[in-house]
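These notes are about the structure you will find just below.
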Amino acid sequence: MTAHTAVAAPGARFKKILRRKDDHGGAPRLSPLWTFVAWLATLAFFAPVAWMVLTSFHREADAATNPPTPFAPLTFDQYKLLFSRDITPFLLNSAMASIISTILVLALAVPTAYALSIKPVRKWTDVMFFFLSTKFLPAIAALLPVYLIVKDAGMLDNVWTLIVLYTAMNLPIAVWMMRSFLAEVPKEILEAAEVDGANLLTVLWRIVAPVAMPGLAATALICFIFSWNEFMFAVNLTATNASTAPVFLVGFITSEGLFLARLCAAATLVSLPVLIAGFAAQDKLVRGLSLGAVK
Amino acid sequence: MTTLTAPPKTASPPVRPRTSPRAGAWKRRIPLLPALIFTIIVTQLPFVATLVISTLQWNILKPGERHFVGLSNFKFVFTDERLRTAVLNTVVLTASVVLISVVLGLGLAMLLDRRFLGRGLARTMLIAPFLVMPVAAALLWKHAIYNPDYGLLNGTLNAVWRLFGAANGPTVDWVSSYPMPAVVISLVWQWTPFMMLILLAGLQAQPGDVLEAARMDGASALQTFRHITLPHLRQYIELGVLLGTIYVVQTFDAVYTITQGGPGSQTTNLPYEIYLTMFRKYEYGQAAAAGVVVVLGSIVIATFALRTIASLFREEVSR
């Protein structure tokens, strides 16, 4: 808003009238031909997901046919089998690693973001870029020393090892995202509250929290997604006790041979939490993925 | 309009601190410290360890032979045939995945920027590939789609062939015949939604009045795209390319699952090659040296990334 008025060109008023008209009509419509193209592309991208879910409800004999038989009878057998073959501990490990590391990330990132936005320390951009630079270091380069340290500490095959690593992996993203959300708290209100003698807790609770809550939820979502999907550390640092859902998927292929329907059921099941969360928070996803740089 | 009456920010006098300035500065820094210390310990120390290990001759299968060898691991890294292939594969894989998914993502974003029947549903369905767990996606492509005997791809071709009266369609073993394209396509499928989301956000941030003005001046759709939309999107495209590059360079799940780097070393990328050196050949020193080289390469990419992000950042700060 302010930027617009500040740099307003001479013709701004004219343009503003035009824009008002445009807003009223909304975005332009797509022609029928392009609508068809759009839907064709959408269905092409969605087909593998649809095929995965559909196959997961088929019997093994109907899953591996040539040509494919999409209209075969549906069954829950594959899911029942998965749970009887003990996918549960893997899901629990994944849930534990993702949820606890997300909570830790938020606990560390929120005060940091506060110190970088609302009451910025000197050279705060340098601190921001330090956090981000750690994200650019490929995880594979850290795997060897982490493996050796974890082995020496007797922490191989331990969920807490993953929790610490996932916290480090997501912390920079969370700091960037939370900073961009906290930067939206209006400075004028903060100053007014301070002049009125409100203490820090009151300011945080009454002014910062309401503005930052949706941002906090979005940050938590992104951290959860990245931790839930992480594979490289999980497969190399865990064995039997602490393995997570992606490790189950890969191990299950090699140990059980190829059962296509059951593979699809497992793939659907482990993707489900992220699919649901992602669909529910589509708008927040964009900002999270771009570290808050794009609104 | 309110800004015109409000005093400019820079001119306002600093709020008088209640305590001494130095104590105030420290008070501000305290909330920052836990995260900073944690990050330094967990990310910087392993890197220092990698540097140290990279100067050692260290194979876990030959205990007692661990000793300092200076830069010879690096010499090995730069002369080894396998590693050179891995570097080349990494570049090919990353460049093709990022470029194809940016182009496809831009096309989809342009379509989804307009209103059409079921736009919300289409958008939700398009995001799905990005949300499927990467390992699950890789397994899905390998077994349910590329499988020569009963995969969806050959199955569909077969069904189409029969439709036209031929007895059987072609039976192509996609993963062994076209290993690199097979990996690239599965990754493009996963990353296109990411590019689409960022570019769509860019398109929707485009001021409507400029487009309207262009239309009134009689600019064609192509001209508008070329001279207004594309320059506006530049920053968003750069951001997508750079974030995409950073993530795709690190691809491990897809290579590990779909091709295991093969056939031969045709799809072995750097992360996978380092993994093999570490957990199959047990050459810790060489793995560490390769890791250091990867980090140096990443720093080059990251410098560009940081510059782009910094420019987006400056805009926000100056607002």
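The values are calculated or read from the model by the stated rules, or taken from the named source; none is laboratory data. Bear in mind the structure is a predicted one, so any value in this text is a computation, not a measurement. Every residue, glycine as well, gets a Cβ built from its backbone with ideal geometry; the counts of neighbours run over all protein chains shown. Side chains are part of the model used for accessible areas, which takes the heavy atoms of the whole protein and leaves out ligands, DNA and RNA. Shrake-Rupley method; radii C 1.70, N 1.55, O 1.52, S 1.80 Å.
Some observations on this one:
- Compactness of the stretch B:29-86 - radius of gyration and Dmax, Cα, Å: 16.9, 50
- Every Cα-Cα pair in the stretch A:54-143 was counted, and those over 15 Å apart are 77% of them.
- Per-residue mean of C-beta atoms belonging to partner chains within 10 Å, peptide B:189-199: 3
- Against chain A, whose longest principal axis is taken from its Cα atoms, helix A:124-136 shows a tilt of about 20°.
- Average silhouette area of the stretch B:236-278, convex hull of alpha-carbon atoms, in square nanometres: 3.3 nm²
- Heavy-atom accessible area per residue - the stretch A:135-182, 1.4 Å, Å²: 27 Å²
- Number of partner chain Cβ atoms within 10 Å, mean per residue of A:51-58: 3
- Just so you know, the averaged projected area of the alpha carbon convex hull for the protein assembly as shown sits at 32.9 nm².
- Spatial extent of the stretch B:68-137: Rg and Dmax, with the Cα atoms as the point set, Å: 20.6, 67
- A straight line joining the Cα centroids of the stretch B:35-72 and the stretch B:288-304 runs 16 Å.
- Expressed as a whole percent, the accessible surface of chain B that belongs to carbon and sulfur atoms is 66, based on a 1.4 Å probe.
- Taking 0.36 nm per residue of separation and subtracting the Cα-Cα distance, full extension of the segment from residue B:210 to residue B:172 would add 8.6 nm.
- In plain terms, the C-alpha convex hull of the stretch A:104-243 casts an average shadow of 9.7 nm² when viewed from every direction.
- Local electrostatic count at residue B:58 - Lys and Arg +1, Asp and Glu -1, tallied over other residues with Cβ under 13 Å: +1
- Spin-label model, residue B:27 to residue A:31: label points 7 Å out along the Cα-to-beta-carbon direction sit 6.5 nm apart.
- Distant alpha-carbon pairs in the stretch B:149-265 (separation over 21 angstrom), percent: 61 percent
- Here residue B:115 and residue A:199 are evaluated by their C-beta separation; at R0 = 41 Å the FRET efficiency comes out at 0.25.
- The share of Cα pairs per 10 Å bin across the stretch A:87-126, counted from zero up to the longest distance, runs 27, 30, 21, 15, 7 percent.
- Peptide B:242-253 - average C-beta neighbours from other chains (10 Å radius): 3
- Whole-number accessible area per residue in Å² for the stretch B:215-317, which is evaluated in the context of all protein chains at 1.4 Å: 42 Å²
- Chain A packed on chain B takes about 9900 Å² of accessible surface away from a 1.4 Å probe, both sides summed.
- A helix-only calculation puts the protein assembly as shown at -22000 deg cm²/dmol for mean residue ellipticity at 222 nm, using -39500 (n - 2.57) for each DSSP H run of at least four residues, averaged over all residues.
- With every protein chain in place, chain A: carbon and sulfur % of accessible area (1.4 Å): 69 percent
- Euclidean distance of C-alpha centroids, the stretch B:76-111 and the stretch A:227-293, integer Å: 23 Å
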